[in-house]
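Presented below is the structure to which this report refers.
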Amino acid sequence: MTSDVASDLAPTGVLRASINLGNPVLAQGTPTDPCGVTVDIAREIGARLDLPVELVCFDAARKSFEALTSDVADICFMAVEPARADEVAFTAPYVVIEGVFAVPADSPVTTPAEVDRPGVRIGVKKGSAYDLYLTRTIEHATLVRGEDGVQAFLDEGLDVAAGIRQPMTAFVEAHPQTRLVPERFMQIQQAVGTTKGRRPETVAWLSGVVEELKAGGFVAEALERSGRGDVTVAPPA
């Protein structure tokens, strides 16, 4: 069965994995020497299929998504979002992370619900999971998209910045004029994805591997090795 999966998932004979270095929780290092839980999972999938692995690195989730849908990559690692579901077949999540807001220290905002108000401007990274989520859910505030939402927040004097809890926590620690809104505004389910054109058996095999890697401690150990032991492994599907 694995030979059938290998030929379907990686028709070039090399498993090309799209890695998003723009999410420091899931991938670290450089394009020539990446590391982190997504890198470890990609290599494990390749090993199980007896395939060499090529890591194709990007600095944003939208670029990783585009690599998959334009046949530059065979698998990707990104958040499960309705905006992507028409083109990506996702496994169940392997980790769950949180989206949180940062605000100026003197901001009246204390909860996520208080952000969605007329006149409030929110800095987001274009094409990120939280950009897609807020695009669907925000009714009154304005999203300001940039290559780096936090940098847009600083440069343009915005009211709120959106991001992932771990890097946002580091950001506010480095910028005492800001503070974190502790309550999450979203839960981000990170999964392995491939194109919808794959055989159902291939997607089922990929999903089974992800479940094994969660249950056997592989994902938790990979997170620990990369210094991200504070990240939550997703529950069984």
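The values are calculated or read from the model by the stated rules, or taken from the named source; none is laboratory data. If you're wondering where the values come from, they're calculated on a predicted model, not measured in any experiment. FYI the Cβ positions are ideal-geometry reconstructions off the backbone, even for glycines, and counts take in every protein chain you see. These area figures cover heavy atoms from the full protein model, side chains too; ligands, DNA and RNA do not enter into them. Shrake-Rupley method; radii C 1.70, N 1.55, O 1.52, S 1.80 Å.
The set of residues in the range 49-81 being within 25 Å of G229 (Cα to Cα), in a helix (DSSP H, G or I) and touching a helix residue (DSSP H, G or I) at 6+ places or on another chain (Cβ under 7 Å) consists of A61 alone. Quick one: is E114 free of Cβ contacts under 8 Å to residues at least 12 places away in the same chain, more than 15 Å from I188 (Cα to Cα) and either surrounded by 13 or more Cβ atoms within 10 Å (Cβ to Cβ) or of a type in the set (V, I, T) (or both)? It is true that E114 is free of Cβ contacts under 8 Å to residues at least 12 places away in the same chain, more than 15 Å from I188 (Cα to Cα) and either surrounded by 13 or more Cβ atoms within 10 Å (Cβ to Cβ) or of a type in the set (V, I, T) (or both). When the range 145-166 is limited to residues that are in contact with a Phe, Trp or Tyr (Cβ under 8 Å, 6 or more places away or on another chain) and assigned to a strand (DSSP E or B), the one that is farthest from L21 (Cα to Cα) turns out to be V160.
Annotation for the range 23-40: at least one member residue is surrounded by fewer than 23 Cβ atoms within 10 Å (Cβ to Cβ), out of contact with any Cys (no Cβ under 9 Å at 6 or more places or on another chain), in a helix (DSSP H, G or I) and touching a residue at least 12 places away in the same chain (Cβ under 8 Å). Residue-level check: of (1) part of a helix (DSSP H, G or I); (2) open to solvent by less than 30 Å² (accessible area, probe 1.4 Å); (3) more than 30 Å from E212 (Cβ to Cβ), G46 misses just (3).
Within the range 31-59, the set of residues being farther than 16 Å from R16 by Cβ and of a type in the set (A, V, I, L, M, F, W, C) comprises C35, V37. Selection of first residues in the range 203-232 that are in a helix (DSSP H, G or I) and of second residues that are surrounded by 14 or more Cβ atoms within 10 Å (Cβ to Cβ) and among the polar types (S, T, N, Q), restricted to Cβ pairs under 7 Å at least 6 apart or on distinct chains, gives the following pairs, ordered by first then second residue: V203/T194; L206/T91; L206/T194; S207/T91; V210/T91.
The listed residues are T135, T169, and the only one of them that is among the β-branched types (V, I, T), out of contact with any Gly (no Cβ under 9 Å at 6 or more places or on another chain), within 14 Å of V181 (Cα to Cα) and part of a helix (DSSP H, G or I) turns out to be T169.
Among the residues making up the range 172-215, a single one is touching a Gly at 6+ places or on another chain (Cβ under 7 Å) and of a type in the set (V, I, T): I188. Report yes if F77 is open to solvent by 40 Å² or more (accessible area, probe 1.4 Å) and aromatic (F, W, Y), otherwise no. In short, no.
Residues in the range 80-100 that are of a type in the set (F, W, Y) and either open to solvent by less than 10 Å² (accessible area, probe 1.4 Å) or out of contact with any strand residue (DSSP E or B) (no Cβ under 7 Å at 6 or more places or on another chain) (or both): 1 in all.
Hey, can you tell me all the residues within the range 117-143 that are open to solvent by 20 Å² or more (accessible area, probe 1.4 Å) and farther than 19 Å from E81 by Cβ?
Taking the range 117-143 as the starting set, the residues that turn out to be open to solvent by 20 Å² or more (accessible area, probe 1.4 Å) are 117-121, 125-126, 130, 132-133, 135-140, 142-143.
R117, P118, G119, V120, R121, H140, T142 - these are the residues of the range 117-143 that are open to solvent by 20 Å² or more (accessible area, probe 1.4 Å) and farther than 19 Å from E81 by Cβ.
Scan the range 82-132 for residues that are among the β-branched types (V, I, T) and part of a loop (DSSP other than H, G, I, E, B) and the total you get is 5.
Residues are listed down the side, and each one gets a yes or a no for (1) in contact with a Lys or Arg (Cβ under 8 Å, 6 or more places away or on another chain); (2) open to solvent by 30 Å² or more (accessible area, probe 1.4 Å); (3) modelled with pLDDT of 95 or more; (4) not hydroxyl-bearing (S, T, Y):
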{"position": "R145", "(1), (2), (3), (4)": "yes, yes, yes, yes"}
{"position": "L154", "(1), (2), (3), (4)": "no, yes, yes, yes"}
{"position": "G157", "(1), (2), (3), (4)": "no, yes, yes, yes"}
{"position": "I164", "(1), (2), (3), (4)": "no, no, yes, yes"}
{"position": "A170", "(1), (2), (3), (4)": "no, yes, yes, yes"}
{"position": "Q187", "(1), (2), (3), (4)": "no, yes, yes, yes"}
{"position": "R198", "(1), (2), (3), (4)": "no, yes, yes, yes"}
{"position": "A215", "(1), (2), (3), (4)": "no, yes, yes, yes"}
{"position": "A234", "(1), (2), (3), (4)": "yes, no, yes, yes"}
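Of the residues that make up the range 4-22, is at least one outside any helix (DSSP H, G or I), open to solvent by 10 Å² or more (accessible area, probe 1.4 Å), closer than 21 Å to R225 by Cβ and modelled with pLDDT under 95?
Looking for residues that are outside any helix (DSSP H, G or I), open to solvent by 10 Å² or more (accessible area, probe 1.4 Å), closer than 21 Å to R225 by Cβ and modelled with pLDDT under 95, one finds at least one in the range 4-22, hence yes.
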